[in-house]
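Below is one structure, written out as structure tokens; the observations come after it.
The values are calculated or read from the model by the stated rules, or taken from the named source; none is laboratory data. Treat the numbers as computed from the prediction; the structure is a model and nothing was measured. Because the Cβ atoms are built from the backbone with ideal geometry, glycine has one as well, and the counts that use them run over all protein chains shown.
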Amino acid sequence: MNFGFFSFGGGEIFIVLIAVLVLFGANKIPELARMLGKGMNEFRRATDDLKREFKEGADDFKKDWDESKADIDNHVREISKTLSDDEGYEPYSHLNQEEAMKKNPDAISEDSTQPDDRAQPRENLKDNTTHNRKD
């Protein structure tokens, strides 16, 4: 037998068995073997329970994960359906053209129907500084 870094041969095992027989006596050896068997059985039962609990917890987590994934997929489908229903929707239509150009310069076309203040001659614009002044 090879137990890691311990190497037991037949002679060593025989000496250990003789020492156990001398220390505990012939009447106690079956009782010790029963106690050792019960302890090993209890240990095996505890590890099986621990494995079962871990597996149940992992299954619950997987179930929750799958439900969350399905909810997210449903929301994504709803959003994409909403976006596809709004063809021609211009997100910056409520802004004037200059503000829209700042937000998204590619969204405004050259033939836009919105008025362009920059195209007016400078003389037509009011000068607010002289208008509000009291002399």
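Where residues in region 8-24 are assigned to a helix (DSSP H, G or I), surrounded by 11 or more Cβ atoms within 10 Å (Cβ to Cβ) and not aliphatic (A, V, I, L, M), which of them is modelled with the highest pLDDT?
Out of the qualifying residues, it is 12.
Take residue 63 and tell me if it is farther than 30 Å from residue 19 by Cβ and without any contact (Cβ under 8 Å) to a residue 40 or more places away in the chain. I'd like the intermediate steps shown before the answer.
Values: farther than 30 Å from residue 19 by Cβ: yes; without any contact (Cβ under 8 Å) to a residue 40 or more places away in the chain: yes.
Yes: the conditions hold for residue 63.
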